[in-house]
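Worksheet: one structure, shown below.
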Amino acid sequence: MKKEDVLTKMATDAGITKKAASAALNSFMDGVMKTLEKGEKFSLVGFGTFEVRKRSARTGINPQNRKKIDIPEKKVPAFKAGKKLKEVCK
């Protein structure tokens with residue numbers, strides 16, 4: 001499902017225009033990103049939790065020349081599915 005499909009579904013289910021659905025979806029995504037930017041978790045009970053996780057520094061191998069390279073630690077976004085979402089996917 002692509003963003004356009006999500007907007008169509010939201011507009012149809014809520015009885016609103018696609019423009020209003022787009023504003024709502026963009027507001028949701030902005031809220032998630034701002035929360036993660038602050039280092040906090042964003043949870044939707046039953047659906048899941050968005051959070052920032054720290055990926056440790058490690059040594060990797062350059063596939064082109066097989067030389068070892070140092071990969072620095074960094075923060076990455078992560079999603080953990082909630083109970084209801086896990087049940088739907090069984």
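The values are calculated or read from the model by the stated rules, or taken from the named source; none is laboratory data. The shown structure was predicted, so the numbers you read here are calculated from the model rather than taken from an experiment. Cβ sites come from the backbone with ideal geometry, for glycine too, and all protein chains shown count toward neighbours.
Miscellaneous remarks
- Close pairs from the range 57-83: first closer than 22 Å to Leu44 by Cα, partner among the aromatic types (Phe, Trp, Tyr) and outside any strand (DSSP E or B), Cβ under 7 Å, at least 6 apart: Gly82/Phe47
- Verdict on Gly31 being under 12 Å from the mean Cα position of the chain (by Cα) and among the small types (Gly, Ala, Ser): yes
- Any hit, the range 34-46, residues being within 13 Å of Pro77 (Cβ to Cβ), modelled with pLDDT of 95 or more and in contact with a Pro (Cβ under 8 Å, 6 or more places away or on another chain): yes
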